[in-house]
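Taken together, the values in this text are just the output of simple stated rules run on the coordinates, not laboratory data. Keep in mind that what you see is a predicted model, and the values were worked out from it rather than measured. Virtual Cβ from ideal backbone geometry, glycine too; neighbours counted across all protein chains shown.
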Amino acid sequence: MKIYKARDYDHVSQIAANILAAQIILKPDSVLGLATGGTPVGTYKQLIEKYKNGDICFSQVTAINLDEYCGLDSDNDQSYAYFMRDNLFNYININFYYVNIPNGMAKDAKAECERYNEVIAKNPIDIQLLGIGPNGHIGFNEPASELSATSHHVELAPATIEANKRFFENEEQVPRTAYTMGMGQIMHAQKILLVASGAGKADILCQALKGPITTRVPASFLQMHGDVVVVADEAALRKVL
Ligand code: GLP
């Protein structure tokens, strides 16, 4: 595992965007596993700048997002589909045919998970961008006694609802369930890029990177992946380095 200590959030974003840009330059038809949440927003801004400067081209890139809330359609501004358009896709030349996000409005959860499993099986992920939830979740793989390898329908943990309510008008509006890529699918990505920023992530980042590998901290499984790059600022790495 490589750990890059960045000065601050902007520096995290700069390094993470450089890594993703290098991936796209070296392999223009890369499959990018993408994440939502507050942390990757700066990374996406930097990628947009690199695209505008002509440094990178997304025309052959495939995007596979980690997760989506259930019950929100893609035009709902709280959906992850909307988030991705608003923070990245609308500003780059990605082909929307190559954009994949679970359908939060799917009526048949099993069929939707099977569909997403097929998407991932057909498009092996070259690099998976990850944030980390306050309880150690990655995607929406929540702490539990068992984790799922493949895409599944998940009940969100109280800590996740609490953390994500800042994006909604109030806590009641936070969806209670979601679709997420499974742990096995994340672990199969060729390379993993984990971004974290701020003192609020210091404890969980330390548990994930240095603590025991446990289903109670899903991100701790990353210790078993052969090619993980962690880009985090000093505040988030305070207890790790
Ligand atoms: C959400 C997403 C996760 C993300 C997490 C952390 O729950 N499903 O993929 O890692 O938020 O978000 P933030 O970066 O805002 O702390």
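Numbers below:
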item	result
Unmet criterion (only one of (1) within 14 Å of the ligand (Cβ to nearest atom); (2) polar (S, T, N, Q); (3) in contact with a Gly (Cβ under 8 Å, 6 or more places away or on another chain)) for SER197	(3)
Region 105-137, subset away from the ligand (no atom under 16 Å from the Cβ) and part of a loop (DSSP other than H, G, I, E, B), residue surrounded by the fewest Cβ atoms within 10 Å (Cβ to Cβ)	LYS107
Residue check, PHE58 hydrophobic (A, V, I, L, M, F, W, C) and surrounded by 19 or more Cβ atoms within 10 Å (Cβ to Cβ)	yes
Of residues in region 138-159 being of a type in the set (S, T, N, Q) and more than 10 Å from the ligand (Cβ to nearest atom), the one nearest to MET105 (Cα to Cα)	SER151
Region 160-186: number of residues that are within 15 Å of the ligand (Cβ to nearest atom), under 20 Å from ALA121 (Cα atoms) and of a type outside the set (Phe, Trp, Tyr)	6
Residue list for region 184-197, filter: under 22 Å from SER79 (Cα atoms) and either surrounded by fewer than 22 Cβ atoms within 10 Å (Cβ to Cβ) or β-branched (Val, Ile, Thr) (or both)	ILE186, VAL195
Extreme residue, farthest from the ligand (Cβ to nearest atom), among residues of region 22-40 that are surrounded by 17 or more Cβ atoms within 10 Å (Cβ to Cβ) and hydrophobic (A, V, I, L, M, F, W, C)	ILE24
For GLY54: the one exception among (1) under 19 Å from the mean Cα position of the chain (by Cα); (2) among the small types (Gly, Ala, Ser); (3) outside any helix (DSSP H, G or I)	(1)
Count - residues of region 75-97 that are among the hydroxyl-bearing types (Ser, Thr, Tyr) and without any contact (Cβ under 8 Å) to a residue 12 or more places away in the chain	2
Residues (among the β-branched types (Val, Ile, Thr) and touching a residue at least 60 places away in the same chain (Cβ under 8 Å)) located in region 188-214	ILE192, VAL195, ILE204
Yes/no for ASN93 being within 30 Å of TYR9 (Cα to Cα) and more than 13 Å from the ligand (Cβ to nearest atom)	yes
